[in-house]
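Just below is one structure, and these are the notes that go with it.
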Amino acid sequence: MTRRYSAWTLAKEGLRGHGGWQQAWRSPEPKSAYDAVIIGGGGHGLATAYYLAKNHGMRRVAVIEKAWLGGGNTGRNTTTIRSNYFYPESVALYDFALKLYEGLGRELNYNIMFSQRGVLTVAHSEGEMEIASRTVNAMQINGTDAELLTPAQAFDKAPLLNRDPRARYPVFGAVWQGRAGVARHDAVAWGYARAADGLGVDIIQDCEVTDFLVENGRCAGVETTRGTIRAGTVGLAVAGHSSVLAAKAGFRLPIQSYSLQAMVSEPVKPCLDTVVLYMGTGTYLFQSDKGEIVVGGGLDRVPSYAQRGNPPMQRTVLSGMLEMFPSFGQLKMLRQWAGNVDVVPDSSPLIGPSPLAGLYLNCGWGTGGFKSIPAGGWLLAHLMATGSHHAISRPFDLDRFVTGRLVDEAAGSGIAH
């Protein structure tokens, strides 16, 4: 059977009628015990399993997913990848993810369609330009790429931007991060799944965790709809449902879940080759490889687990799009969706031990879940394998709500207070 993807194997299998391809990943029955179990078969959970096997040599690893791979937030986002945050802790985290993304397709032998087309964050006033200047300064000091652009330079990056001097949100300048971009969301999940399976990881779908197995005050496994599974260590990577699973484990997290919606237009000819975000409205958009305009905005500010958005927020997002690009007023919107995001008071993730010994957290990513998948998986794997923090994950431990050392990235996350 052919497993490695390349031009040569594609040609060979083409001549053989494509009958020799190996299944991308198996569908095994769950075993009674593993060294490590990860709850959640999205990007973070699959990446954690892959790095546990690759970086730490663990082979008795299982990923448990209540539905299908990548069917949660991994398949319900706008696929933007960037590291243009303010604080050094955040830049270290998200730039680590960006660096892993830059080599991920080759590493996984899977085309994740990562396109580094840059992110243009547009400012509309003297005050926002002051914020933009500070952001660029902080990013450069923290060792990642950033440029402060004039209005003319911003228009060069996105020629269709609204140039009307009477515009409600005029272009005063912009922050440019050229290494940022987009990737194919399901390809990221499938690539990690295929690579983890190749290292012996069991990926178990249609298996819901109903409770935690606790012995001597420590998490010893999980109860599932397919039986009890014991584990030496357990990781939790379930995005918007983190607080639901935490309640089953007997503790509360400082998390509130919201719907974050996006939508996509009919496909049109190439007209936008970067990601554009307006600081004034929070609306952002880019053109997909199929020609669709992908549009996102702020949170639906009603706590919810619904995987759909509400019409008032859709109107807000689309009005923001028309402020940016009046020429898009004739576009027909074809699809709309929402993901459940778990938001922490300081808009930064929670990575670290949970109050239940033996259970580790990877949650609270809010609007930054997709862009952080490789780093989130790498860091959770390090925690589960060693029992201690990686230097990058240490500032994001749950104990920051005791010490007061918060990492307030509301602006970088695009979440208004």
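The values are calculated or read from the model by the stated rules, or taken from the named source; none is laboratory data. Remember, it's a predicted structure, so these values are computed and weren't measured experimentally. For neighbour counting, all protein chains shown are included, and Cβ atoms are generated from backbone atoms with ideal geometry for every residue, glycine included. Side chains are part of the model used for accessible areas, which takes the heavy atoms of the whole protein and leaves out ligands, DNA and RNA. Shrake-Rupley method; radii C 1.70, N 1.55, O 1.52, S 1.80 Å.
Points worth noting:
- Estimated from the Cβ-Cβ distance and a Förster radius of 30 angstrom, the FRET efficiency linking CYS271 and ARG59 is about 0.05.
- Amide H contacts for ALA220 (H built 1.01 Å from N in the peptide plane; partners 5 or more residues away or on another chain; cut-off under 5 Å): LEU213, VAL214, GLU215.
- Under Karplus coefficients 6.51, -1.76 and 1.60, residue-wise ³J(HN,Hα) of the stretch 122-139 in Hz, glycine/proline x: 9, 9, 10, 7, 4, x, 5, 5, 5, 5, 4, 4, 5, 5, 4, 4, 5, 5
- Close amide H partners of LEU350, meaning residues 5 or more places away or on another chain with modelled amide H under 5 Å apart, are CYS363, GLY364, TRP365.
- Couplings for the stretch 38-47, taken from phi via the Karplus curve 6.51 cos²θ - 1.76 cosθ + 1.60 with θ = phi - 60°, read 10, 8, x, x, x, x, 5, x, 5, 5 Hz in order; Gly and Pro are left as x.
- Heavy atoms of PHE96: accessible area, 1.4 Å probe, square angstrom to 10: 40 Å²
- Considering only the chain, percent of DSSP beta bridges that pair antiparallel, nearest 5: 70 percent
- Cβ-Cβ FRET estimate between ARG301 and HIS18, R0 fixed at 45 Å, reported to 0.05: 0.40
- The Cα center of the stretch 346-406 and the Cα center of the stretch 241-268 differ in position by 16 Å.
- Most mobile of SER372, SER265, SER27 in a GNM of the chain (Cα contacts under 10 Å): SER27
- Local electrostatic count at GLY43 - Lys and Arg +1, Asp and Glu -1, tallied over other residues with Cβ under 11 Å: 0
- Between the stretch 316-343 and the stretch 35-87, the Cα center-to-center distance that results, in Å: 28 Å
- Cβ-defined net charge surrounding LEU260, 10 Å radius [Lys, Arg +1; Asp, Glu -1]: 0
- For the chain, diffusion coefficient by Stokes-Einstein and Kirkwood Rh (Cα), 10 °C, 1.306 mPa s, µm²/s: 72 µm²/s
- With q set to 0.13, 0.17, 0.24 Å⁻¹, the log10 of I(q)/I(0) for the stretch 223-328, from the Debye formula over equal scatterers at the Cα positions, is -0.65, -0.85, -1.29.
- Its residue count N sets the reference 2.2 N^0.38 Å, and the alpha-carbon radius of gyration of the stretch 254-384 equals 1.22 times that reference.
- Full extension of the chain between GLU107 and ILE131 gives 4.9 nm of extra length, using 0.36 nm per residue less the Cα-Cα distance.
- Calculated FRET value between GLN256 and ASP156, using beta carbons and R₀ = 41 Å, to 0.05: 0.55
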